1. How many residues are open to solvent by 50 Å² or more (accessible area, probe 1.4 Å) and facing chain A (nearest Cβ under 9 Å) when one looks only at segment C:84-142?
2. Quick check on this structure: which one of A:82, A:44, A:94 is of a type in the set (D, E, K, R), surrounded by 15 or more Cβ atoms within 10 Å (Cβ to Cβ) and within 8 Å of chain C (Cβ to nearest Cβ)?
3. Condition first: touching a residue at least 12 places away in the same chain (Cβ under 8 Å), under 27 Å from residue A:64 (Cβ atoms) and within 9 Å of chain A (Cβ to nearest Cβ). Can you find one or more residues in segment C:51-65 that meet it?
4. Take segment D:124-136 and flag every residue that is at the interface with chain C (Cβ under 8 Å from one of its Cβ atoms) and outside any helix (DSSP H, G or I).
5. In this structure, is residue C:25 closer than 23 Å to residue D:246 by Cβ, among the hydroxyl-bearing types (Ser, Thr, Tyr), more than 17 Å from the chain's Cα centre (by Cα) and at pLDDT below 85?
6. Is there a residue being within 24 Å of the chain's Cα centre (by Cα), within 14 Å of chain D (Cβ to nearest Cβ), farther than 29 Å from residue B:333 by Cα and among the polar types (S, T, N, Q) anywhere in segment B:141-164?
7. Of the conditions (1) assigned to a helix (DSSP H, G or I); (2) under 29 Å from residue D:77 (Cβ atoms), residue B:103 clears all except one; give me its number.
Amino acid sequence: MPEKPAGTLYRGREGMWSWVAHRVTGFLIFFFLLVHVLDTSLVRVSPEAYNVVIGSYKNPVMGLGEAGLVAAIVFHAFNGIRVMLVDFWSKGTRYQRLMLWVVVGLVVVTMAGFLPRHLANVFGG
Amino acid sequence: MQTHQYDVVIVGAGGAGMRAALESSTRARTAVISKLYPTRSHTGAAQGGMCAALANVEEDNWEWHTFDTVKGGDYLVDQDAAEVMAKEAIDAVLDLEKMGLPFNRTPEGRIDQRRFGGHTRNHGEAAVRRSCYAADRTGHMILQTLYQQCVKQDVEFYNEFYVLDVVLTHDLSAGTVPDGEEVSVAGVVAYDLASGEIHVFRAKSVVFATGGAGKIYKTTSNAHTLTGDGMALALRRGIPLEDMEFFQFHPTGLAGLGILLSEAARGEGAILRNSEGERFMERYAPTIKDLAPRDMVARAMANEVREGRGCGPNKDYVLLDLTHLEPAHIDAKLPDITEFARTYLGVEPYTEPVPVYPTAHYAMGGIPTTIDAEVLRNNTDVVKGLFAAGEVACVSVHGSNRLGTNSLLDINVFGKRAGIAAARYAETAPWHEMPDDASVATVEYIERLRDHATGERIADIRRELQETMDRNAQVFRTRDSLTTALSDITALKKRYRDASVQDKGRRFNTDLMEGVELGFLLDLAEVVVVGALAREESRGGHFREDFPTRDDERFMLHTMAYQRVRGDGQGTVELDYKPVIITRYQPMERKY
Amino acid sequence: MATTIPAGPLAAPRSARTTRSRGSSRTNMEMVAWLFMRLSGVLLLVLIFGHLFVNLVQGEGINRIDFAFVGGKWASPFWQFWDLAMLWLAMIHGTNGMRTIINDYAERDRTRLVLKVLLAAAFLLTVTLGTLVIFTFEPCPIGAPADLLPSFCPAS
Amino acid sequence: MTALAESTTSARAEVGAVPSFDVTLRIRRFDPDNGAEPRWEEFTVTAHGTDRVLDAMHKVKWEVDGSLTFRRSCAHGICGSDAMRINGRNRLACKALLKDLDPSKPITIEPIKGLPVIKDLVVDMEPFFASYREVMPFLITHGNAPSKERLQSPEDRARYDDTTKCILCAACTSSCPVFWTDGQYFGPAAIVNAHRFIFDSRDEGAVQRLEILNDKEGVWRCRTTFNCTEACPRGIEVTKAIQEVKRAMITRAF
């Protein structure tokens, strides 16, 4: 965050940090999206070109990146649901903190399901 | 230096000032000058309510309200003024409701009312539900509502401008202007806190609504900014102050801190207890017990402590017991004050009694005015164009002891009257010459404070003043204690002349402001003590142990204190007296 | 008693902002954008999770993805529509999010303008390209090696 | 003998139950008159168990450095003068007890964020009040006023009770990340005060206020970070109020 009015970092709580995380993950996903559309567009060029580029996604470094990306998407998605509950459910504001921990829990569970499978695919060749 | 010109200038933006502004700004070009932002004013700290005989929940009428006010003030009340206030109370409450004030409601949707100290049915029979309220933040809601209306009406504010002088056509300070001579106001001189610049405001009418002077005491419910500025300015310009020895000590301040716990707590059923768990008010006021007027309750509490029935390790407070009330009821009716107990004392009012002790609360005295808020310069003559309303003024509707809720009423009724009167006067009044050197005295005063290279700290002198006032001029007073206080004040005034502020800057110099404020406090403390020494009786908020009874023969009179500058240039306090206006209630013994 | 410490890298407090420039902005644009973020969010949740599941979890996961896999999917109008919806919704959702971020942190009007032009360009390019690719995609390009193509392509 | 000795000791312990301790305040100073850059200054003073941050600051001002500048008035959380950032969070100095802030470490005190600093902890409140004034924070009614009070049921009165508590201290607005970066945003306090009238059954100006807040810099800038709710010294559920205004707008639009 920019520090224009100067001073120390504001010590916000769960609400503020979930907003920061939502913003950061959204930012990351947007740039991935741009790249992803571009690389997929290579299918229009030739099968070889596409396969070369998509092949690079399969190396372990990119595999870890993908894991991070999926984590970002999962958080952004679940926290998005929380934001909507805060917006549209009259009791949402009161349970926002609890809901954030539910979101974090769901992200952990989802990633626990996804990661072994994905990492096995990436590293298992 | 900048100059401005307005038909009406209102000094102070609390309840009285803004209520006046709402009336005057629709009739005349008006400016409101305040040393704070309007919403910071101390009206916002008032809690319990505002009495008016609406009779929404039980039978009531304004005459009973008048009687209670007169009796509560121990018959020193000017009864014509009390009648005006009690009669106009009803419209004052309805006006506020129409402005949007969120009063609590009865099941039928009418403004709800509750009991309050000293307010009774049929001349003292039993406590009556007369106080209109918005939870325990009635003052807050009044202040907010009035400010909201000022925003609506586009009232012009000069925020954080500190008025340091009022300019009159005659110098009254020597006491040489003959009675009957026409004296008028020409304007005020103000100091812009943000820039350190002097501004001169020329005006046909000036309304003082600067509030009280609780900071002459150490233990007080008053804000740090309540330093009696308006009273002291008038005093220094030769205008008398009326009944300043009568200072109200609110019974239930948080022990050791002075933070106010509303009388509404007792209105809702809370009980005062001593260390033996006894409901001691039964002994002092058998009929209405804990809802006796404040002076009586405060004295009873102080007496319990003196006789060794105080609570706590030092046995220096009593307890306010709410534990028999339903938590839901407390939350609905008294949310803020229970929060104060939790925050500042760590006490849970649902289950534990709250330590309380009397705290300096309200100046019954002030600048004498007529019922149209015109300022009197002696017992009969008014200063043309100069008005005062609210705690700064003494109409006198509170006499020697103000009833709870009557302050919020006072600011609304007399604030409105002052606004109308000021605007009316300005319609036809001539402009008076503002001398070129109008600001010279003010500039000299503040520059002397600022430029003194080294000197005593303002804070040290102020602390000593507040301590001597707490020790010697509080609930119980004697000739000895008051004499001690007076000699302390005289010594402190001498030291003040050589004091200096550390902040030498121009911009937002609060150090300098505190220096100026201390000068006001010293002058006012002196008036309080001199008045108290001379009043050899006990009445309302003034209790002399050496003269423990009321003496209507010698003292059924208002004190008029003047600061006269003669010869050596030093001001001395001189006293005069003014008869009390009695219309329908002859003085009786005051029992509850 | 008092010690002074140089405050180091503290910027000076910023100056007062210019007065509010309201004017013609009392439209419902911001409300529509706000609602869109929530609605598209729900849809994207389904679309993207489906996409991730099919592409990364099912079968051998990521290792399976190649031209043949993509060709196989886009032969079906269902997946064509799926991916198209995902492309559009995600791009509008993301672009609007980026617009907010630019509004928040780009202080100077010029910087804001430049960034917003860049953002609009990226949006147009990506959406146009993606849409074209989905609709003009040829799963069995002539002359490509058969082993790279979906299985349903006629052997050339 | 023993009993007597014991009782004396326990009495002494009780008297001394509120011990005093040293506390260090790390205050951000700034005086443009001196042309100096903002700087941190540390003061160590002795405080008592029940002291608030404001008490410690007064001790500094009255005993150490008179030029330390801050606003304060009522000193018990009702006038809204002394909102400042204490240990990174917005609070009222008169409601923050030292013992709740871990006085063993220096306590950091800064002006609230997002408003121009005039001197030390004093900020220019004008932009804040300008936003407040823009939402028409006053009762709007049409037609003739009744001769007595307008009726309002206790339930209707309770509907907007929470937002009547606002003391305009700016703790919420200056805790909002959107407000820090976009000073044009109305900010939570203005929306809270609009809410107070929008949901008042006596008021007839809700549509106008909703239109004002539908602005580009209005409620839709709110990102529900809950900083405002946590900063509010009056315990107002600020975010909830803002959400209710948003929902009122959506209901009105569709």
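The values are calculated or read from the model by the stated rules, or taken from the named source; none is laboratory data. Remember, it's a predicted structure, so these values are computed and weren't measured experimentally. Because the Cβ atoms are built from the backbone with ideal geometry, glycine has one as well, and the counts that use them run over all protein chains shown. The protein model used for the area step is the full one, side chains on, heavy atoms only, and it has no ligands, DNA or RNA in it. Shrake-Rupley method; radii C 1.70, N 1.55, O 1.52, S 1.80 Å.
1. 7
2. Details: A:82 fails: within 8 Å of chain C (Cβ to nearest Cβ); A:94 fails: within 8 Å of chain C (Cβ to nearest Cβ).
So the residue among A:82, A:44, A:94 that is of a type in the set (D, E, K, R), surrounded by 15 or more Cβ atoms within 10 Å (Cβ to Cβ) and within 8 Å of chain C (Cβ to nearest Cβ) is A:44.
3. no
4. D:124
5. Values: closer than 23 Å to residue D:246 by Cβ: yes; among the hydroxyl-bearing types (Ser, Thr, Tyr): yes; more than 17 Å from the chain's Cα centre (by Cα): yes; at pLDDT below 85: yes.
Here the answer is yes, as residue C:25 does meet what is asked.
6. Within segment B:141-164, one or more residues are within 24 Å of the chain's Cα centre (by Cα), within 14 Å of chain D (Cβ to nearest Cβ), farther than 29 Å from residue B:333 by Cα and among the polar types (S, T, N, Q).
7. Evaluating residue B:103 over (1) assigned to a helix (DSSP H, G or I); (2) under 29 Å from residue D:77 (Cβ atoms) leaves (1) as the failure.
Quick grid of which residues meet (1) open to solvent by 40 Å² or more (accessible area, probe 1.4 Å); (2) modelled with pLDDT under 95; (3) not charged (D, E, K, R):
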residue	(1), (2), (3)
D:145	yes, yes, yes
D:155	yes, no, no
D:195	no, no, yes
D:203	no, no, no
D:220	no, yes, yes
